[in-house]
Structures are given as C-alpha cells and as structure tokens.
Amino acid sequence: MYKLFLRPILFLFDPEAVHHFTFNAIKFTRRIPGVAAFRKKIYTVTDKKLERELFGLTFKNPVGIAAGFDKNGILLDELEDFGFGFIEIGTVTPKPQIGNAKPRLFRLKKDKAIINRMGFNNDGVDSVALRLENKTTSLIVGGNIGKNTATHNNDAKADYLYNFKALHHVVDYFVVNVSCPNIGDVKKLQDQEFLEDLLLELKSLNATYEEPKPILLKIAPDLNNKQLDEVIEIVEKTKIDGVISTNTTITRENLLTSKNKIEAIGNGGLSGQPLKDRSTEVIRYLSEKSGKAFPIIGVGGIHSAQDAIEKLEAGADLVQIYTGFIYEGPKLVKRINKALLRST
C-alpha cells in the first residue's frame, strides 16, 4: 500500500516539507484511540530471539532508526509503534541552529537515494534533553552529538563535552559524530590525534557518573584502509564501546540519476542504496581486521531484509535504517525482523 499509493503522492512534494508533514501526521493520528495499538499489531514483531545484548544494554530487536530522522526526539513513542528496536536522536548541538540554506534535501528516485546538506539543524541540546526527560518509550535511545557550525574546529571539544553532560541522564548511549560532510571541513575532526584526545576526555567525564554510558564513534564511508586501521587503533587506545559504520558519502559514483541533475543539486551527503556495498565493505574490514574486537552498528543502504542480513553477516551487531524507511515504507522493519527469526 505504501509503495503503490502513499509514496507516489508524497514524492510529488518537496522532501523536507513532506518530512515535517509526515511527522505531524504520525504524531496527530496517534492521539486517536486505538491507533497506537493498531500500528503495533501491524508493524511490531515481538520475540525473545530478536533481543540483542550489547555494551550492557538489551535491545528488543536489532533494527534501529538512524540519527537524522528524529533529530529532536519528537517521535519516540511513535517510532516504537513501527517496530524499531532502538532510536538514535540527533545530531544535536549545544546551541539551536537552523542548518544550511534551503533547498537542502533531494531525492534521487532512480537510485533510491537521498542527498542532504541539512547542516545539523536542531532545537539545541538543552531543549532536546528537557523533552527526553518526559519520554515514555521503553526502547533504547541513543544520543548523537556534534558541534555547532559556528564553533571553530579548535574549540570543538567543548561542544561535545557540553552535549555529553546535557544528555547523560536521558539517553542510553552516545554517538560521537565527526563524519558528517554537511558542517564544513571535518578533516580536523577525523584526525587521529584529535579523536583520541576527544574520546579520552569523554571517557574521563563518563567515569565521573554513577552509571557511565556507552560511547560509540560514527565514521565516514569514504575512509581508506589506512584510515580504517587508525579507527581500530583509536578504539583500542580509548576503549570506547563501538563504531557506527557508516555516515553518508560525498562520492557520486555509479548513479543512475543524470550527471546534470547531480551537479545541479551540488554538495551534500549521499545515502540510500548506492551506499549499501561500501558500507558493508567497511563493516567487514573493521570486523575482520580487528578480530571482532568491538561492536559495530551497520547503517547505509538497507532497503530489504537481505541488505540487513548482509551487514550482520559482515560483522555488524545491530543495524539502522533511514533512507530505506522512506523508500520502502514502515513494513521494512517487520520484514527484517521476520527474516532474522526465520534464519535462527
């Protein structure tokens, strides 16, 4: 129904406008008696065999919604209704920011892909933390943290520390996002020395809390093998809890969309099916080269149950979807979980 009727209508309109419209519609309709229960019946698969224990947390199932979809933690209960096993909010920054100029979100329909240059638009970490204090969802909630665009890279560490303190009491794990291509020059943020210093300081701060939270690093798909080796070294040295592989890509290779349209869109991170194979390659490399030394959350180009299974077989412990959720519809989560049950 979604792909045959609803998606063609939604895809007639501006992607960002549709995103906000859909959010409002999902939230409004949940207030109608019986809607939440109906959605859960249609989309949710509940089975102990789907549970995953990772870095001290119990995930109801291994399929999560990636950061960027619900930046401000507005749809936590609603996303639980759609069968997700965990939710990652953000990327959040210390100060609210409107992000980059519009238009900044583009569909590549032929490629089942999206290009975005949103620029960390969010309500600011203090507002998000206040909202999360009232959350009722039983799902694991992760907090994806970044720096404000106006913050110089030399001062970026303070932004991450501020976010960490503000969210510590309301999220279950943290993701340090230094790989988003939409916030200016990120080379400094991905430098090994900078990352080790940042992560060690976050670990030190984390240790001061009665209940320390897992810390993960989100990496780009555009890293070469030498840089991936550095990621393994960083995880080993800092003893963080895992890696999310991968963020969006700046490459534009092997796309079906015309070159003229791609050039007209301009800069931004590419997500969706074109990222699938590269994301899986990075997962496999990290897993095999490290000897499966740390957990990996796999994300990038998951549009089917088989796509998710490929990432898990490559070494991922959990998976996240975003663009696939938009193109394939909410039943994608159920299809993945049912396929996982059949394979057990």
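Nothing in this text is a laboratory measurement; each read-out follows from the coordinates by a stated rule. As the structure is a computational prediction, the values presented were derived from the model and not from experiment. Virtual Cβ from ideal backbone geometry, glycine too; neighbours counted across all protein chains shown.
If R0 equals 35 Å, the separation of the Cβ atoms of Y209 and K289 corresponds to a calculated FRET efficiency of about 0.65. Highest mean first, the peptides 102-108, 201-207 sorted by other C-beta atoms within 10 Å per residue fall in the order 102-108, 201-207.
Annotation for I98 and I42: the two label points, set 7 Å from Cα along the Cα-Cβ direction, are 3.6 nm apart.
The loop-placed GluC sites (Glu not before Pro) in region 50-97, going by DSSP, that have at most 16 neighbouring Cβ atoms within 10 Å of their Cβ come out as E51. By the rule of a C-alpha distance below 15 Å, with chain neighbours fewer than 8 residues away ignored, the aspartates and glutamates paired with K95 are D123, D126, D155, D159. If you sort the three axes of the alpha carbon gyration tensor as a ≥ b ≥ c, you get a/c of 1.5 or more for region 214-264 and a/b above b/c, which makes it prolate. Karplus-based coupling profile of region 48-54, in residue order and whole Hz: 4, 5, 7, 5, 10, 9, 8, with θ = phi - 60° in 6.51 cos²θ - 1.76 cosθ + 1.60 and x standing for Gly or Pro. Could you calculate the FRET efficiency of N225 with E201 from 1/(1 + (r/R0)^6), where r is the beta carbon distance between them and R0 is 35 Å, rounded to 0.05? About 0.80, to the nearest 0.05.
Secondary structure note: in the chain, about 30% of the DSSP beta bridges are antiparallel.
Using the Cβ-Cβ distance between K261 and R342 with R0 set to 51 Å, the FRET efficiency from 1/(1 + (r/R0)^6) comes to roughly 0.85. Only the Cβ atoms of Lys and Arg (+1) and of Asp and Glu (-1) were treated as charged; on that basis the dipole of region 165-299 about its Cα centre amounts to roughly 440 debye.
Bridges between two residues of region 47-130, per DSSP, are antiparallel at a rate of about 80%. List the pairs from K48/K112; K3/K218; K110/K147; K289/K311; K135/K311 whose alpha-carbon separation is above 25 Å, in the order I gave them. Beyond 25 Å: K48/K112; K3/K218; K110/K147; K135/K311. Cα centroids of region 308-340 and region 109-126: 20 Å apart. Local charge for V243 was computed over the other residues whose Cβ lies under 11 Å away, with Lys and Arg +1 and Asp and Glu -1, and equals -1. Answer with one residue from T248, G301, L217: the one whose Cα lies farthest towards the positive end of the charge dipole of region 2-343, charges on Cβ with Lys, Arg +1 and Asp, Glu -1. The residue sitting farthest along the positive end of the dipole is G301.
Considering helices alone, the calculated mean residue ellipticity of the chain at 222 nm is -11500 deg cm²/dmol, with DSSP H runs of length four and up weighted by -39500 (n - 2.57) and normalised per residue.
Using C-alpha pairs under 8 Å with a sequence gap of at least 6, the mean separation divided by the residue count of the chain gives a relative contact order of 17 percent.
Residue separation of L161 and I250 scaled by 0.36 nm, minus their Cα-Cα distance, works out to 29.3 nm of gained length.
The aspartates and glutamates within cross-link reach of K226, meaning a Cα-to-Cα straight distance under 18 Å and a gap of 8 or more places when in the same chain, are D191, E193, E196, E236, E281, E288. Normalised by the empirical 2.2 N^0.38 Å for globular proteins, what value does the Cα Rg of the chain take? Output field value: 0.93. Region 222-243 and region 1-50 have Cα centres spaced 37 Å apart.
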